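Readers should treat all values here as calculations from the given coordinates under stated rules, not as data from a laboratory. Values in this document were obtained by computation on a predicted structure and should not be read as measured data. Counting neighbours? That spans all protein chains shown, and the Cβs are built from the backbone with ideal geometry, glycine included.
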Amino acid sequence: MAKLISGKEVSARVKAEVKAECDRLKEKGITPGLAVIIVGNDPASRVYVNNKKKACAEVGFVSEEYALPESTTEEQLLELVDELNKKDTIHGILCQLPLPSHLDEKAVINAISPEKDVDAFHPSNVGKIMIGDYTFLPCTPAGVMEMIHFSGIEVSGKNCVVIGRSNIVGKPMAMLLLHENGTVTICHSRTKNLKEICSQADILVAAVGRPNFVTADMVKDGAVVLDVGINRLKSGKLCGDVDFEAVEKKASYITPVPGGVGPMTIAMLMKNTLSAAKAANGIE
Ligand code: L34
């Protein structure tokens, strides 16, 4: 039976560290500030943004929410980003994705000042990650790495398989595992022999966006299984990409959904915002 890696527990530890550092910054008169932009009425985005605001309050940051209507034009959105880029009290800017389809996500990401890009989605931050010289790590992959470290799991020399190749999760996830000397394979919708490749994995990361995609026959005995998926079933129930009940019987470690990678994403966002506030004030 696998050990559960609790995102609730690990994220609480990360947030406690961030809070302690935030308290020290406040003694110097600095309060980290995060601006969160949300466009339209996506109910999942609403939940995630609320959780981000709650985390800011927990660690002592100021958060500003910019909730824009579905009808917002690209020009209006870029204007807001520009304003926030110039605002001294704001150290991190995040535009919650996905955006309504008439808005160009790339244009918005490119407009955010790389110093305030706490998602690490800007091409200049993506490039820095590629060469292993970074200020910010993208929150979800960084959260997965934090769970691996917390559990004392060694990545070096391990077969790591990432299912999914998105810019937000799959690609940077593979890069972070590679930086720790994992032997990394990225699988995607065109991959042949998916089951064979996955069942060789010592560390398996699922970021597909399909409920129960990873079944027990795809998992090696004793593998570490990290589930990035958050799928909403018709019943309203949340589930990951992994068939949890069957896979937990084979894996050595597994992350749950909810209460797994999701809370870690938010904790790492707090960590990035703290780093941005420190950098903006010439600290470290
Ligand atoms: N710009 N867009 C930007 N940055 C991000 O880092 C994100 N992401 C993803 C979607 N769009 C984004 C998030 O914030 C996914 N994501 C995210 C954040 C928080 C949670 C899940 C995904 C989360 O709090 N999950 C809870 C359950 C929440 C619920 O009840 O729905 C959990 O326990 O998994």
Per the Cα gyration tensor, the stretch 234-281 corresponds to an equivalent ellipsoid with semi-axes, largest first in Å, of 33, 14, 5
What percentages make up the Cα-Cα pair-distance distribution of the chain when the bins are 5 Å wide from 0? 1, 6, 12, 16, 18, 16, 13, 9, 5, 2, 0, 0
If you stretched the chain out fully between Ala16 and Ser156, how much longer would it get, using 0.36 nm times the residue separation minus the C-alpha to C-alpha distance? 47.6 nm
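I need the calculated FRET efficiency for the pair Ser252 and Lys54, taking r as the beta carbon distance and R₀ as 41 Å, to the nearest 0.05.
0.80
Would you calculate, for the chain, the mean residue ellipticity at 222 nm contributed by helices, counting each DSSP H stretch of 4 or more residues as -39,500 (n - 2.57) and dividing by all residues, to the nearest 500?
Computed ellipticity for the chain at 222 nm equals -12500 deg cm²/dmol.
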Between Arg24 and Ser235, what is the label-point separation in nm under the 7 Å Cα-to-beta-carbon projection? 4.7 nm
Gain in span if fully extended, His179 to Val47, counting 0.36 nm per residue against the direct Cα distance: 44.3 nm
What's log10 of I(q)/I(0) for the stretch 160-221 at q = 0.23 Å⁻¹, Debye sum over Cα points only, no solvent? -0.93
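What FRET efficiency would be calculated for the residue pair Lys87, Met130, taking the C-beta separation as r and a Förster radius of 30 Å, to the nearest 0.05? It would help to have the intermediate numbers written out before the result.
Working: r = 29 Å, r/R0 = 0.98.
For R0 = 30 Å, the calculated efficiency reads 0.55.
Quick one: grab the alpha carbon gyration tensor of the stretch 1-60, order the square roots of its eigenvalues as a ≥ b ≥ c, and give me rounded if a/c is under 1.5, else prolate or oblate depending on whether a/b is larger than b/c. Mind dumping the intermediate values first?
Numbers: a/c = 4.22, a/b = 1.09, b/c = 3.86.
Since a/c reaches 1.5 but b/c is at least a/b, the shape of the stretch 1-60 is classed as oblate.
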Once both axes come from the Cα atoms, what is the angle between helix 74-86 and the longest principal axis of the chain, in degrees from 0 to 90, rounded to 10? 70 degrees
Under 8 Å for C-alpha pairs, at least 6 residues apart: give me the relative contact order for the stretch 1-88, rounded to a whole percent. 32 percent
Per residue of the stretch 22-27, what does 6.51 cos²θ - 1.76 cosθ + 1.60 with θ = phi - 60° give for ³J(HN,Hα)? Whole Hz please, x for Gly and Pro, Karplus curve as stated. 4, 4, 5, 5, 5, 5
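So how strong a dipole does the stretch 32-73 carry about its Cα centre when Lys and Arg Cβ are +1 and Asp and Glu Cβ are -1, to the nearest 20 debye?
Numbers: 4 positive and 5 negative charges, 25 e Å.
Computed charge dipole of the stretch 32-73: roughly 120 debye.
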